[in-house]
Amino acid sequence: MSPEQALATGSALLYRQARLLDERRWQDWLDLFTEDCEYWVPAWLSEQRQTEDPNTQVSLIYYDLRSRLADRVWRVQSGTSVASDPMPRTCHAITNIQVDEAGDDAIRLFAVFRVDYHWRAQSQAYFGHYQHTLRRDGTDWRIARQKISVLNDYIPTLLDFYLV
Amino acid sequence: MNAIHDSALPVPERYLRDDPAAGVFDVHRDVYRDPALFELEMRHVFERHWVFLAHETQLPKPLDYLATWIGRQPVLLHRDDKGKIGAFLNVCPHKGAAVCQSESGNRKFHVCPYHGWTFDARGNCVLVKDRAQGAYPAHFEQADTRLPPLARFGNYRGFLFGSLNPDVPPLEEHLAGISAFLDMIVDQSEHGTEVIPGRSYYTYDANWKMQLENCLDAYHLTSTHPSFINIAASRASGGSSFRNIDIADFVDPAIPSGSYTFANGHGAIWIHTANPEVRPLYRQYDALKARVGQQRADMMLKTINFTVFPNLQFSCNACIQMRVMRPLAVDRTEMRSYCIGPKGEPADQRKLRIHQFEDFFNPTGLATPDDSRVYESVQMGLRARSAPAVGLGHLRGLRQVIQGPDEFAREIGITPLTSSSGRSDVQDETVFHGSYREWARRIKAGLASEVTP
Ligand code: FES
Ligand SMILES: [Fe+2]
């Protein structure tokens, strides 16, 4: 696959993910991930260094199965979580997308994100870097790995998957 | 008996009515919302007594340093080249800049960013820039140029505490009965305990005592965390390999439980564990039993939450969380949350511990965000000034409280001031009383000491 094709394919998937999160189309969002996907939001060790190994260091979020993401989706949809009631309105902006690898069955991407959100008369934002590994699944592409480095990790009350 | 908030009463009696014989324990709502009281508690509860600073494994190597706080005041811990940790105020003796700008790291010297005075890990000023040319008077030459050392600094089995006031009892005496609970964490491994790297700092917009209470509040579990309880239940029934807290611990009312208050404001609750096998520590059960005895091993596998007053808390269930509270304003609090683990535990046990921790305790997890939002709901509700001034949140279980140790306390060899035990659905609220009594005692003593004769 050419870098241009990879960029077009990858960008489309990232934009789609952003839109599905903003539109709260949770099941469609989950369908973007492979069954064995790794979803990782590292924590920070200090100001300059983030965690590098999710099995010996604490992450902000770490799952290596899509079913764990489904738990979180179930939770926000259940109406039984105070933290997501009311749900914040979100606006995912993704830019600076670069192709790190353009294989026929795998694409690796780097991008930056900013998620503005509004909750109970307050507007706030998270921002940082995305690193994605996309895998070909027939004619579709899915997210096999999503690493989200949140740069403003001094967290006002909470941070959840729909805010990054 | 005087009505609470009678302005003729002195502080703190105006805010706390404590009469167990009459079945009364009333906390005035201003305790959570009055900035003037917040100022008093910073001065007299935090800045005149022992406060938790850090765990020594947060600065493991020679020349590691860590910046932290006592109340509102900046503190710097620095391990010297021999491995000894010093504790200082993070303020330059020259014009007052914070000499250390970053939260942690490793360095030999702190060079003040303003005029370049330089301090070693023992707090000595090793360089006053251009001192010889300074035409300094004798007064300067005699002055103390060190970083101001904390008046008291103590290490209880790796837990570091400091005080700005020299006139405090020895640390062990301050910890009183709660040290048995710290021991229970440290003794989970023969090598002691450690803070697992990877921290989360978060804030919530509510009073710090929301967290102080909530850590020992079993009453909120089924109503604040039904989403987590449901997920735990579905994982259990689906045979998921990823188990966390077992919900039986919280919803089976017949399970035994208890709570204790200790001298100096500390408190603890315990709940028997229905199925200890989901806990990482259980994988070491036989070795643990052989080393610490069956009774202590079983204790380590219970759900135990405790407070080391005023700013340190532990939640020990599937895994262990260490929380450090830092009040920022009457309605804003910073939390530092860490995962604690036995040193040298097997890799699979450590991995499970970490993922259980992230799942439940992180501010990005499935339970803590619900707590934080609830604190904010309380703070919002407290704006209702025409509602009754006294809250009813400290009375559950009061008829059950006994003075001194109960049978279980005697069994495990602790000496609480009060005990309460029984079915887990009592979900006792009297365990907060000890902290408020200490809160009142400190404010009273502090105000008295400020009165000029
Ligand atoms: S304030 Fe530190 S050197 Fe001047
Ligand atoms: Fe909770």
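The values are calculated or read from the model by the stated rules, or taken from the named source; none is laboratory data. Source: prediction; values computed, not measured. Methodologically, a virtual Cβ is constructed for each residue, glycine included, from the backbone with ideal geometry; neighbour enumeration extends over all protein chains shown.
Below are the figures for this structure:
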quantity	calculated
Among the candidates B:346, B:342, B:363, residue that is of a type outside the set (A, V, I, L, M, F, W, C), in contact (Cβ under 8 Å) with a residue 60 or more places away in the chain and within 7 Å of chain A (Cβ to nearest Cβ)	B:363
Count of the stretch A:129-164 residues which are within 14 Å of chain B (Cβ to nearest Cβ) and over 21 Å from residue A:64 (Cα atoms)	8
Scan of the stretch B:371-394 for residues that are closer than 28 Å to residue B:360 by Cβ, of a type in the set (A, V, I, L, M, F, W, C) and either within 16 Å of ligand 1 (Cβ to nearest atom) or free of Cβ contacts under 8 Å to residues at least 12 places away in the same chain (or both), ordered by number	B:380
Scope the stretch B:273-299; condition under 17 Å from residue B:181 (Cβ atoms), touching a residue at least 40 places away in the same chain (Cβ under 8 Å) and surrounded by fewer than 16 Cβ atoms within 10 Å (Cβ to Cβ); matching residues	B:295
Any hit, the stretch B:163-173, residues being of a type in the set (A, V, I, L, M, F, W, C) and part of a helix (DSSP H, G or I)	yes
Failed item, numbered, when residue A:58 is tested on (1) more than 7 Å from every other protein chain (Cβ to nearest Cβ); (2) at pLDDT 95 or above	(1)
The one condition in (1) surrounded by fewer than 18 Cβ atoms within 10 Å (Cβ to Cβ); (2) more than 10 Å from chain A (Cβ to nearest Cβ); (3) under 30 Å from residue B:196 (Cα atoms) that residue B:392 fails to fulfil	(3)
Elements of type strands (runs of 3 or more DSSP E) in the stretch B:97-142, at least 3 residues being out of contact with any Cys (no Cβ under 6 Å at 6 or more places or on another chain)	B:104-106, B:125-127
Some residue of the stretch B:51-60 being within 16 Å of ligand 1 (Cβ to nearest atom) and in a loop (DSSP other than H, G, I, E, B)	no
Residues satisfying the stated conditions in the stretch B:422-453, i.e. β-branched (Val, Ile, Thr) and free of Cβ contacts under 8 Å to residues at least 24 places away in the same chain	B:451, B:452
Identity of the residue in the stretch B:409-453, among the aliphatic types (A, V, I, L, M) and within 23 Å of residue B:46 (Cα to Cα), that ends up surrounded by the most Cβ atoms within 10 Å (Cβ to Cβ)	B:431
Looking only at the stretch B:256-315, and only at residues there that are β-branched (Val, Ile, Thr) and in a helix (DSSP H, G or I), the one that is nearest to residue B:350 (Cα to Cα)	B:278
Residue B:397 more than 16 Å from ligand 1 (Cβ to nearest atom) and touching a helix residue (DSSP H, G or I) at 6+ places or on another chain (Cβ under 8 Å)	yes
Residue ID - nearest to residue B:336 (Cα to Cα), chosen from residues in the stretch B:88-102 that are surrounded by fewer than 17 Cβ atoms within 10 Å (Cβ to Cβ) and away from ligand 1 (no atom under 11 Å from the Cβ)	B:102
Of all residues in the stretch B:215-235 being crowded, with 21+ Cβ neighbours inside 10 Å and hydroxyl-bearing (Ser, Thr, Tyr), the one that is farthest from the other protein chains (Cβ to nearest Cβ)	B:224
Top-ranked residue of the stretch B:191-214 - restricted to ones that are more than 13 Å from chain A (Cβ to nearest Cβ) and surrounded by fewer than 21 Cβ atoms within 10 Å (Cβ to Cβ), ranked as nearest to residue B:322 (Cα to Cα)	B:192
Criterion: within 16 Å of ligand 2 (Cβ to nearest atom), within 13 Å of chain A (Cβ to nearest Cβ), exposed (fewer than 15 other Cβ atoms within 10 Å of the Cβ) and not hydrophobic (A, V, I, L, M, F, W, C) - qualifying residue of B:372, B:377	B:377
Candidates A:102, A:106 - the one that is out of contact with any strand residue (DSSP E or B) (no Cβ under 7 Å at 6 or more places or on another chain), in contact (Cβ under 8 Å) with a residue 24 or more places away in the chain, surrounded by fewer than 19 Cβ atoms within 10 Å (Cβ to Cβ) and farther than 27 Å from residue B:227 by Cα	A:102
Residue A:85 away from chain B (no Cβ under 14 Å) and surrounded by fewer than 16 Cβ atoms within 10 Å (Cβ to Cβ)	no
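Here's the yes/no breakdown for (1) out of contact with any strand residue (DSSP E or B) (no Cβ under 9 Å at 6 or more places or on another chain); (2) over 18 Å from residue B:319 (Cβ atoms):
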residue	(1), (2)
B:143	yes, yes
B:148	no, yes
B:154	no, yes
B:163	no, yes
B:175	no, yes
B:186	no, no
B:189	no, no
B:207	no, yes
B:211	no, yes
